[in-house]
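Notes for the one structure printed next.
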Amino acid sequence: MNTILNKGIYCLIIKLVQQREIRIGNLGIFQFPAGFYTYAGSAQINMKRRIERHLRKRKKLRWHIDYLLSYGNVTCVHTYRGVKYMECVLNHKIGRIANSIVPVKNFGSSDCSCVSHLHFFYDNPDPKISQFPMKTG
C-alpha cells in the first residue's frame, strides 16, 4: 500500500477466494465469481480513516463495498491526489483494462453517472493499475 493522503481518490483491489452469492444492500443478491475486484472511491476528508474502515472486518454495513468486503480480502490499496470527480476518471481507466467485467450495475455509483465503480477480473489487475499515471486535481 502506498502512502495514504489526507484526501483524494483510491482504488481497492479485493480478492474473493471462492464464488459467493452476496446481498448488496438494496441492489439485490448477486453471484460473485472467485477472482479479483476493483473498487474506485474517494474521500475528501480523512482518507486514512476511510481506508482503515474498509480494511476492518467488523463494521456496520453502510456502503455497497462493505457487503463485498465481508467476504473478500483487500490485497492492495492505491491512493491518488484528486477531487471527487477524479474517482470516475480512475474508474473509467480501470474499466478499459483488458478483460474487465462490470459484475453489478450501480455498485458504488449512486452519486455519479458511471455504470458501476466495481470491476471484476479473473487475473490480478494490480500490475496494470500500479502503472496508471493520474493527474492531480
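A compact table of results
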{"item": "Boolean, residue 39 is of a type outside the set (Gly, Ala, Ser) and in a strand (DSSP E or B)", "result": "yes"}
{"item": "Scan of the range 82-137 for residues that are open to solvent by 40 Å² or more (accessible area, probe 1.4 Å), touching a strand residue (DSSP E or B) at 6+ places or on another chain (Cβ under 8 Å) and not hydrophobic (A, V, I, L, M, F, W, C), ordered by number", "result": "84, 99, 122, 123, 124, 130, 136"}
{"item": "Condition check for residue 65: β-branched (Val, Ile, Thr), buried (at least 16 other Cβ atoms within 10 Å of the Cβ) and not in a strand (DSSP E or B)", "result": "yes"}
{"item": "Evaluation of residue 57 against (1) under 15 Å from the mean Cα position of the chain (by Cα); (2) at pLDDT below 95; (3) assigned to a loop (DSSP other than H, G, I, E, B); (4) among the basic types (Lys, Arg) (one fails), failing number", "result": "(1)"}
{"item": "Condition check for residue 48: more than 20 Å from residue 121 (Cβ to Cβ) and assigned to a loop (DSSP other than H, G, I, E, B)", "result": "no"}
{"item": "Residue among 99, 91, 73 that alone is closer than 11 Å to residue 9 by Cβ and modelled with pLDDT of 95 or more", "result": "91"}
{"item": "Any pair with Cβ under 8 angstrom, 6 or more apart, that starts in the range 75-102 at a residue that is more than 16 Å from residue 115 (Cβ to Cβ) and ends at one that is in a helix (DSSP H, G or I) and acidic (Asp, Glu)", "result": "75/126; 76/126"}
{"item": "Flag if residue 121 is over 14 Å from the mean Cα position of the chain (by Cα) and at pLDDT 95 or above", "result": "no"}
{"item": "Enumeration of residues in the range 90-137 that are under 22 Å from residue 46 (Cβ atoms) and not in a loop (DSSP other than H, G, I, E, B)", "result": "90, 91"}
{"item": "Residues that are free of Cβ contacts under 8 Å to residues at least 40 places away in the same chain and either buried (at least 18 other Cβ atoms within 10 Å of the Cβ) or in contact with a helix residue (DSSP H, G or I) (Cβ under 9 Å, 6 or more places away or on another chain) (or both), drawn from the range 27-49", "result": "43"}
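The values are calculated or read from the model by the stated rules, or taken from the named source; none is laboratory data. Every value quoted in this text rests on a predicted model; they were computed, and no experiment measured them. Positions of Cβ are backbone-derived with ideal geometry, glycine not excepted, and every protein chain shown enters the neighbour counts. Only protein heavy atoms, including side chains, enter the accessible area calculation; ligands, DNA and RNA are left aside. Shrake-Rupley method; radii C 1.70, N 1.55, O 1.52, S 1.80 Å.
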